[in-house]
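K.L.:
Have a look at the structure that comes next, please.
The values are calculated or read from the model by the stated rules, or taken from the named source; none is laboratory data. Keep in mind the model is a prediction, meaning the values are calculated, not measured. Reconstructed Cβ throughout: ideal geometry from the backbone, glycine too, with neighbour counts over all protein chains shown. Accessible surface is based on the protein model in full, side chains and every heavy atom, while ligands, DNA and RNA are left aside. Shrake-Rupley method; radii C 1.70, N 1.55, O 1.52, S 1.80 Å.
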Amino acid sequence: MQTEIDSLCEAAASFHARGYAFGSTGNLSVSDGKRVWISPTGASLRKLTPERMAEMDMDGLALNGNKASKEYPFHLAAYRNSFSGARALVHLHSTWAVALSCLEDLDAAAPMPVFTPYYLMRVAPLAVIPYLRPGSAELAEAVGEAARGHDCVLMRNHGFVTLGGTMDEAVDRAEELEETAKLFFLLRNEKLRLLTDGERAEIARVYGRK
Ligand SMILES: [Zn+2]
């Protein structure tokens, strides 16, 4: 697990350096299927170290003296239910994804059109869950439900969760989601060429995602 915990700390610093995370927002975790290592409460992602990670079991029982992010319940719910057997989670309040999550007329079934094959390969289908108080049991339940069929979940008026088999995979998804949301706003009033059904089918055939 040490390698994955090191990857988590590197990813956290990189997210902070690039403006994906600011203040003490954002939290990341990795799991071995029995235990979870999650970033500590109130901490900036700027300089996390493996020693500062809060370790807990899948029921939320603390296994060391570090206090986990108050958003830990949705991490546990996501791991318990993940259809893909996720072992890593990224949660950010990054600007463009949060902007997307605040649109009143957001289509929960298709929050963004498919502009690029990478969105299709790494993010879609993107689940959308309603606004629920950060840290609440209701939010954990909604994220857990979404994880039954999705690796990427947009949380209304809040941020997003991406899941992966490794931290690198969860990070790839997070970056793709944030950058696609940025493109969405840049192109919102433009006439767009979207991927055709045939092009989408080809991606599904070659890369196994639809
Ligand atoms: Zn949050």
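K.L.:
Which of the residues belonging to the stretch 175-195 are among the polar types (S, T, N, Q) and at pLDDT 95 or above?
P.N.:
Once the filter is applied, which keeps residues that are among the polar types (S, T, N, Q) and at pLDDT 95 or above, the stretch 175-195 yields only Thr180.
K.L.:
Right, something else. So, in the stretch 22-71, exactly how many residues are of a type in the set (Phe, Trp, Tyr) and either open to solvent by less than 10 Å² (accessible area, probe 1.4 Å) or farther than 14 Å from Leu8 by Cβ (or both)? Can you show your working first?
P.N.:
Going residue by residue through the stretch 22-71, those that are of a type in the set (Phe, Trp, Tyr) are 22, 37.
Pick out the ones that are also either open to solvent by less than 10 Å² (accessible area, probe 1.4 Å) or farther than 14 Å from Leu8 by Cβ (or both) and you get 22.
The number of residues fulfilling the criteria is 1.
K.L.:
Is at least one residue of the stretch 100-112 in a helix (DSSP H, G or I) and within 13 Å of the ligand (Cβ to nearest atom)? Step through it out loud before you land on a result.
P.N.:
Let us first name the residues in the stretch 100-112 that are in a helix (DSSP H, G or I), namely 100-101.
Those left that are additionally within 13 Å of the ligand (Cβ to nearest atom): 101.
Scanning the stretch 100-112 turns up at least one residue that is in a helix (DSSP H, G or I) and within 13 Å of the ligand (Cβ to nearest atom).
K.L.:
Hey, another quick one. Name, by its number, the condition in (1) assigned to a loop (DSSP other than H, G, I, E, B); (2) free of Cβ contacts under 8 Å to residues at least 60 places away in the same chain; (3) surrounded by 17 or more Cβ atoms within 10 Å (Cβ to Cβ) that does not hold for Ala124.
P.N.:
That leaves (2) as the condition not met.
Okay, residues lined up against (1) within 16 Å of the ligand (Cβ to nearest atom); (2) in contact (Cβ under 8 Å) with a residue 12 or more places away in the chain:
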site: Gln2; (1), (2): no, yes
site: Ala13; (1), (2): no, yes
site: Thr25; (1), (2): yes, yes
site: Ser39; (1), (2): yes, yes
site: Gly42; (1), (2): yes, yes
site: Arg52; (1), (2): no, yes
site: Gly65; (1), (2): no, no
site: Ser69; (1), (2): yes, yes
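K.L.:
List the number of the failed condition for Val90; all other conditions in (1) within 14 Å of the ligand (Cβ to nearest atom); (2) open to solvent by 30 Å² or more (accessible area, probe 1.4 Å) hold.
P.N.:
The number of the failed condition is (2).
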